[in-house]
Amino acid sequence: MIISMIAAIDQAGGIGVENRLPWRLSADLQRFKQLTWGHHLVAGRKTFASIGRPLPGRIMLVISRYPQNLPPGCLPADSLEAALDICAVHGESEVFIIGGGEVFRQALPLARRIYLTSVHTFAHCDTFFPPITPGEWWLLEEHFIPADEKNEYPSTFRILERAEVNLEHIV
């Protein structure tokens with residue numbers, strides 16, 4: 001199972017302010033839907049609360065100590081590891097970690113892929129994506145999206161894959 005993270009970050013690595021997205025980017029929302037459709041999504045309690053409902057066409061796992069407060073259509077998990085175990089049992093091929101900051105921090109060492117939207121602005125966020133160490137990730141794809149009437153800021157879509165060293169080729 002591929003563990004993927006999907007996020008939009010500003011130029012300082014910010015992902016949110018006061019438990020909401022700090023921008024309106026229609027292209028990013030469309031990309032999110034297209035990439036995650038038919039897959040399991042793992043969210044922290046606050047991220048799920050900011051969305052407000054299970055997303056159609058996906059299975060939503062919510063990391064929470066209070067699973068009785070989740071609406072129908074959500075699967076509870078008490079940790080990231082428990083959520084990933086549920087995804088594996090369900091035969092998921094690629095699970096998407098969708099936030100928030102603490103869940104991203106825990107998932108980064110486990111992730112094989114990052115779908116990253118770099119938003120070309122400083123949004124004065126209070127929640128941040130963990131730092132990505134240069135050299136640990138390969139850039140597989142990059143696509144620039146200009147600002148327009150549906151996209152408040154220009155942005156760049158990137159797909160990063162964890163760089164792996166093949167030790168059998170080292171003499």
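Things to note:
- Karplus-derived HN-Hα couplings along region 116-132 (A = 6.51, B = -1.76, C = 1.60, θ = phi - 60°), whole Hz, x at Gly and Pro: 10, 9, 8, 8, 7, 6, 10, 9, 6, 7, 10, 10, 10, 6, x, x, 9
- Estimated FRET transfer efficiency when R0 is 35 angstrom, pair TYR66-GLU161 (beta carbons, to 0.05): 0.50
- For the pair ASP148 and GLN30 in one chain, pulling the backbone fully straight at 0.36 nm per residue adds 41.0 nm over the alpha carbon distance.
- Cβ-based exposure ranking for THR47, THR156, THR121, in which fewest neighbours within 10 Å come first: THR156, THR121, THR47
- Take the Cα of LEU140, step 7 Å toward its Cβ, do the same at ALA49, and the gap between the two points is 3.4 nm.
- Rg/Rh (Cα only; Kirkwood hydrodynamic radius) as it applies to region 96-136: 0.95
- Mean ellipticity per residue at 222 nm, deg cm²/dmol - from DSSP H runs of n ≥ 4 across the chain, formula -39500 (n - 2.57): -5500 deg cm²/dmol
- Rounded if a/c under 1.5, otherwise prolate or oblate - region 2-169, Cα gyration tensor axes: oblate
- Phi-derived couplings, Karplus 6.51 cos²θ - 1.76 cosθ + 1.60 at θ = phi - 60°, listed residue by residue for region 136-144: 8, 9, 9, 7, 8, 7, 8, 8, 7 Hz, with x used for Gly and Pro.
Throughout, read-outs are computed from the coordinates displayed, never taken from laboratory work. All of these numbers come straight from a predicted model, not from anything done at the bench. No Cβ is skipped: glycine too gets one built from the backbone with ideal geometry, and neighbour counts run over all protein chains shown.
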